[in-house]
Amino acid sequence: MGSRSDHSTVAVSRRRFGRPAVKAALVSTLVLILAACSDDKPLNTFEPRGPKAEAIDNLMMPIWYVMGVVFLAVVGGGIVLSIRNRVKDEDFDPNDLPEQIHGNTKVELTWTILPAVILAVIAIPVVNTIWFLEETNEPDELDVMVIGQQWWWEFRYDVDGDGFIIDANGDGEVNDDDWELPVQFILDPDDVATANEMVVPAGEQVDLVLTSRDVIHSFWIPRLNGKRDTVPGRWHTWSLEADNPGKYVGWCTEYCGLSHARMRMSVIALEPADYQAWFENQQQQAEVPTDEEALAGRTVFQNQCISCHVIDDGELEYPDDYASNVPLASRAAPNLTHFATRTTFAGSIFSVYEGEGTTAADDALEVSDYLQIPELAKTPETRDDYRLNTALLKQWVANAPGLKAMSSDVDPETGVGRGMLAFPQLTDEELDQVVAYLATLD
Amino acid sequence: MAADTQLHADTSTDTHVGHGHDDHGVHPTERQYWLVFVALFVLTGLEVAWSYLGLEGVALWLPLLVMMTVKFLLVAGAFMHLYFDLKILNGRLFAWAFGGSLVVAMSVYVVVFFAFDMFA
Amino acid sequence: MTDVAALDNRPVANSYLATALDDHDDAHGGHRTSLGLSNMKLAMWLFLGSECLLFGALISTYLLSKARFVTEVVAGNPLVTSTMPAELIQEFAESQSVEPMYDIPFTSASSFILLMSSLTMVLAHKATVEDNGQNKIWLSATALLGSIFIAGQVYEFTAFYREGLTYTGNLFGSAFYTLTGFHGAHVTGGILMLLSLVYMAFRGKLRSDRAETVELVGLYWHFVDIVWVLIFTIVYLIP
Amino acid sequence: MAIIEEPLALPEGTSTKVERPLGAYTRPRNPAGLVNWLTTVDHKKIGIMYGTAALFFLVIGGVAALLIRIQLAVPDSQFLSADAYNQIFTMHGTVMIFLVVMPVGAAFANYLLPLQVGARDVAFPRINAFSFWIFFFGGLMLNTSWFLGGGADGGWFNYAPNNGIAYSPTPGIDFWNIGLLIVGIGSLTGSVNLITTVLNMRAPGMSMMKVPVFTWMTLVTQFLLLLAIPVLTVAQVLLSTDRLFGANFFNVEQGADPLLWQHLFWIFGHPEVYLMILPAFGIVSEVIPTFARKPIFGYPFMVFSGIAIGFMGFGVWAHHMFVAGIGPLSVTAFTLATMFIAVPTGVKILNWLATLWGGRLTLNTPMLFAIALVTQFTIGGLSGVSHSLAAHDTQQTDTYYIVAHFHYVLFGGAFFGFVAGMYFWWPKAFGYKLNDKIGKVHFWTMVVGFNLTFGPQHILGLQGMPRRMHTYADAQGFNLWNAVSTFGSFILGIGTLMVLFNAAVSYRNWRAAARPDVGPDPWDSRSLEWSIQSPTPEHNFDVDPVVTQLDDFWHRKYQKDENGTLRQVHTGDEIAQPGNGEGVHLPAPSYWPIMLAFSIPILGYGLIFNLWLIVPAVILMLVALYGWALEPADDLDIDDHHDHDHELETV
């Protein structure tokens, strides 16, 4: 029953096993970290590009250092103490007892109170930042409504500056009571609706109103601000601002079901003048195409797509029960009125145009070209840089659930499906026509 | 019981050796039970009457909540013997177990109400 | 008795055998208590503490649902509503118009009955402690009063249902029926326990040595009563 | 001596003996083999069964973890479909939390609490058996969902309204709801039982401030369970009625607020987090003093910081909802509350370090794992501080940074602590030590694998990789660290399997060496469980140990000599109880706990598939309940000639 004797066989192997392995692990970790720093990381939270994200970063940098010191002290302390105070089994003597310290009230009070004081000091900037992030503009500035939906984003721009609702109850002013009426009377039909790409002016704070059509999503552009959930039945406020023009990508960050991983979005910040041009274009109705193939595509659209998608050209006919809601407010699917001005589709996972800098995930887009892309795609000299992604678009229209997991069965009770249906009935020719039509929507 | 006596001398006060059933403290008399019941009856009557006065806001719910709390304390204190348990050794533990849980429950849910702007 | 002979070749000083208590006490194993309290009673109180959180959550859910039912139902989620066919919206609006019409005198009477059952419960306990043979009467009375309360609740539910307040119709209905239903289920459980005690009492097996059993059922029963005290005021009297 | 009464005398001529409860059964008598395990009410066997069951579920959760890592090893992976991935990550979290970490905590608690407080068994042995069986059946039921329409796919947090029937029409979430409701019943009864045991069954002289730290931490844990489980129960009842009967609690179209689910879930969920880690804190607080040959530094601070952590655990739940839109005022309040929870946690870590300070350390496997807990948990604690700051949390929440954080806390913290405890108490439970050499290989494999798996996830999260993604794209810069993480996860998988390997090898060697006696006190330890033979005799203690101070057993071994120097005056083997408890009266085994536990999942299947199933379930339940109530807690005829217990247990 010797309590210690069986240890001796083990002691020999320890030194040989431990140290070099640890060293090797440390060195290789360091190398890996350095290698990783050179990669391109469009979502990196350490590279703020707007005042709100910078505020978060500035709050944290000193705290990271404090944490680093604590980390080294505790982990290092643990390792050093273990090695220094170690008694080898062969040296073990039951009567070699260390001093039996039961505690030291002063020391313990110190390391209870001191961290509490440090935390109390840290709390001041922490609380300040919380309230800074919540700050919004005065009314009348640009507001964008962000609507999460399985699995894409809709953005509505308040065109006339009267908010997102109209005087629905007829009391002479637009106020909170108007929210209490069903939506088709609420959402301002004059607003601009777009999907997956939010275009904003650079250097200006954009206030967001966030909600959701189905489940909880979360809107997050890491380089511009932290995230905020979009919760059905609730309207949250949040804001973002980009210092400079550029493309800033984000990702839905609240688990929202099947294709949560494929629900992305981007913010494209333009020079204010460019933004103004973009905005004015978005307010225009789509033109009825003159090209024969595109016109045929419009007919296919009218027959197959119109119960979900909206294209506002003033002439397409919509089902009656949605009459009050069209033309601009979209329903369960993206508003396609200016589809060709967007660079991504399907929850920002696919590119509308092929070519350098247009992949959905990266942020290398030449934003200075952004407004011209539909034009450039048609011009023979530049067509190779921005070529419409026809094959992918056709595939998408024909069988969207094949490209992105969706539960597109229609709920018999509400008539709502989640995600886009497959259209096996469309012929290859019809698909070509639809895509040709979509290409005209700029 | 000599061993017990010896033991009590050198151990902490909150530890005792004994058998089950040591917690039979003083229980109320039948008369006291009836009195408590009458009080509950009267309070219930008062509550109903108050709700018929047509008051609104604080004037309505504050007295109602006060009367509710008194009824609560009467049942817990007298019928559940909590008041009498306090008089037996360690009997306060029952009140702690129940009251502590009650306090946690109330604090937690009141905070939830705040989070939902229920008091706004 | 511990076999002391087994200790022969062991040093006795400092061993636990040398400082053991009277061995006779020890043999009662599970019945030594360090607080001088009964295990069963302590456990019951802990369980009731846990129930506080349970009913707290249910009452909170009810209050929240009621608040939102009154002020925000129609706003609901307009974006979802926008995708609903018009007739569904119509149906929805109708379901929201159903409000409960509390019958305060009726509920006051059933509250009173439940309070009275608490009185009979303590009297049953007292009768058991005193072993005066009356406990079967008081236990039967308690079970009977509890059953009347449950019958009243069934009647109330039926009346509300006929007025159109259904479990699935709107948020308020779900919350109301769940809260009061949970309480009703607790009362029913209590009645089952009481009936078991009544059976034992009539068989003459519920003597003073089992007073604690009656007390435990009593604690549960009074707790259920307390919950109703809260529900009656919060749900019925404060609109 | 008013509080010490003579036992109540039985009325003359009465017998409480119930030969055949309900006329159908005699209770199991001295059963052997399987029947013994099915009907046992012995807290030690129940503890071992908790551990074994948790190991079984660990395999399920671990395979799910490896599938997740394989899927994420490369961008745009097609290994798993989105649907399969969502089920797997949901079930991984659910199984690991409810069916692995919690029951392992329960295993240690069941085995050790009665021993550490010097009791023969827990307060309610049959309820203890019931707690285990209902946990086990609930866990099995949850996992049958794999074969009955698919696992839950809403995440372990299962946010409304994504958990509604409209968005998750398969029965997976119903299984999640009802399975966990059933598991929760076991946790609740278990907590009542263990709290009563610790408070009311301590050995003579053992006041609360002489109770070992492990027992204290487990006591706090059980209080957290007691108060947190009912909140989850309500949330799951609301959700079940929504899904199964068309109620409207989370129906947004009817005005419901989805945040109600989040509040209820996290009021439960945050105490849940602490109740997973606290038992491990308790374990290392036993292991470190033993192998440092020093008392725990600052015992009262350790105890009160544990209580503080438990108490504050109920006041910080909304930090899981910083970005959910609860308003800046709530966010500020919960940020402050959360930040200050770092204080008691920091106290614990510093006190462990202070225990190491100046100690004479034996660096064997349990000690290595205990020190690893201190360091790895510190990393998790620090990352926890970084997202207690709500502003910063808006960048971190729902990213892999959080995944890294809670794996450092739950794996590097709780799990390492459990492994330390396993190596430490293995000889007490089974009579032989686990091989220390293999143990050290096991240790290094796990530490390296663990850090390779979860360390890189810090970087991924800060680089913006969200959680719960079945795939990611090539151009997002996540490729390298995901590959490293997957590589690490396989090392970790091997490390985890070495638990089994070590147990098998050690057992074989022990058997080959003709089962040498490891002795009652193989580690020269401090608390009461080492003052009895190994493996623990069925009756635990021959006589009630009388306790005079904290670490009473150690102080009987080491005393000051005439010069005032501390010397070993006895070895543990010399003064341990010999294990021949004659005339000791033990609670007898019973069929009813397992029967009652078995009836409840049938009820669950009934709710999900066919309400008629409820009828046989309720009949079985009532039979079991009444059988239980009519059966005496102790069988009067089993190997016992002592005067009998005369009290009927009614619950």
## Note on the structure
When the stretch C:217-227 is checked residue by residue, the ones that are open to solvent by less than 10 Å² (accessible area, probe 1.4 Å) and touching a residue at least 12 places away in the same chain (Cβ under 8 Å) are C:GLY218, C:LEU219, C:TRP221, C:HIS222, C:PHE223, C:VAL224, C:ASP225, C:VAL227
### Message
Looking at the structure I just gave you, is B:MET80 crowded, with 19+ Cβ neighbours inside 10 Å and more than 7 Å from chain C (Cβ to nearest Cβ)?
### Response
no
### Task
Might you let me know whether the stretch B:86-97 holds any residue that is among the polar types (S, T, N, Q), assigned to a loop (DSSP other than H, G, I, E, B) and within 8 Å of chain C (Cβ to nearest Cβ)?
yes
### Message
Against the condition of a type in the set (Asp, Glu) and under 30 Å from A:ARG86 (Cα atoms), how does D:GLU286 come out, does it pass?
### Response
yes
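Taking the conditions exactly as written (assigned to a helix (DSSP H, G or I), free of Cβ contacts under 8 Å to residues at least 60 places away in the same chain, open to solvent by less than 10 Å² (accessible area, probe 1.4 Å) and within 13 Å of chain A (Cβ to nearest Cβ)), does D:GLY455 satisfy them or not?
For D:GLY455, the condition - assigned to a helix (DSSP H, G or I), free of Cβ contacts under 8 Å to residues at least 60 places away in the same chain, open to solvent by less than 10 Å² (accessible area, probe 1.4 Å) and within 13 Å of chain A (Cβ to nearest Cβ) - is not met.
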### Query
If you go through the stretch C:126-149 one residue at a time, do you hit one that is touching a Ser or Thr at 6+ places or on another chain (Cβ under 9 Å) and facing another protein chain (nearest Cβ under 8 Å)?
yes
### Task
Run B:TRP34 past the list (1) closer than 30 Å to D:THR548 by Cα; (2) modelled with pLDDT of 90 or more; (3) open to solvent by 70 Å² or more (accessible area, probe 1.4 Å) and report the number of the one that doesn't hold.
(1)
### Query
If you check C:SER118, C:SER110, C:SER147, which single one turns out to be open to solvent by 10 Å² or more (accessible area, probe 1.4 Å) and within 25 Å of B:LEU46 (Cβ to Cβ)?
C:SER110
### Query
For the stretch D:66-83, which residues satisfy the criterion of being open to solvent by 30 Å² or more (accessible area, probe 1.4 Å) and of a type in the set (A, V, I, L, M)?
D:LEU66, D:LEU67, D:ILE70, D:VAL74
### From D:THR215, D:THR233, residue being in a helix (DSSP H, G or I) and either in contact with a Pro (Cβ under 9 Å, 6 or more places away or on another chain) or within 10 Å of chain C (Cβ to nearest Cβ) (or both)
D:THR233
### Task
Those residues that are within 7 Å of chain D (Cβ to nearest Cβ) and farther than 15 Å from A:VAL70 by Cα, I need them from the stretch A:100-121; list them, please.
A:GLN100, A:ILE101, A:HIS102, A:GLY103, A:GLU108
### Odd one out for D:SER207, checked against (1) crowded, with 24+ Cβ neighbours inside 10 Å; (2) over 22 Å from the mean Cα position of the chain (by Cα); (3) within 12 Å of chain B (Cβ to nearest Cβ)
(1)
### Summary
B:MET68: passes all of (1) part of a helix (DSSP H, G or I); (2) farther than 20 Å from C:LEU54 by Cβ but (2)
### In the stretch D:581-594, the residues that are open to solvent by 40 Å² or more (accessible area, probe 1.4 Å) and either more than 10 Å from chain C (Cβ to nearest Cβ) or touching a helix residue (DSSP H, G or I) at 6+ places or on another chain (Cβ under 9 Å) (or both)
D:LEU586, D:TYR591
### Message
Just to verify a result, which residue in the stretch D:152-167, among those that are more than 23 Å from the chain's Cα centre (by Cα) and of a type in the set (Gly, Ala, Ser), is nearest to D:TYR85 (Cα to Cα)?
### Response
D:GLY154
### Message
I'm trying to understand the selection: among the residues of the stretch D:539-555, which are open to solvent by 20 Å² or more (accessible area, probe 1.4 Å) and in contact with a helix residue (DSSP H, G or I) (Cβ under 7 Å, 6 or more places away or on another chain)?
### Response
D:THR548, D:GLN549, D:LEU550
### Query
Any idea which of D:THR144, D:THR189, D:THR170 is open to solvent by 20 Å² or more (accessible area, probe 1.4 Å), among the polar types (S, T, N, Q) and more than 23 Å from the chain's Cα centre (by Cα)?
D:THR170
### Summary
Picking from A:ASP178, A:ASP191, A:ASP171, A:ASP167, the residue that is at pLDDT below 85, within 12 Å of another protein chain (Cβ to nearest Cβ) and touching an Asp or Glu at 6+ places or on another chain (Cβ under 9 Å) would be A:ASP178
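Pull up the stretch D:247-265, narrow it to residues that are farther than 17 Å from C:LEU54 by Cβ and in a helix (DSSP H, G or I), then point me to the one that is most open to solvent (accessible area, probe 1.4 Å).
D:GLU253
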### Query
Looking at A:VAL10, is it in a helix (DSSP H, G or I) and either at pLDDT 90 or above or charged (D, E, K, R) (or both)?
no
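The values are calculated or read from the model by the stated rules, or taken from the named source; none is laboratory data. None of the values given here were measured: they were computed from a predicted structure. Virtual Cβ from ideal backbone geometry, glycine too; neighbours counted across all protein chains shown. Quick note on the areas: whole protein, heavy atoms, side chains included, nothing else; ligands and nucleic acids left out. Shrake-Rupley method; radii C 1.70, N 1.55, O 1.52, S 1.80 Å.
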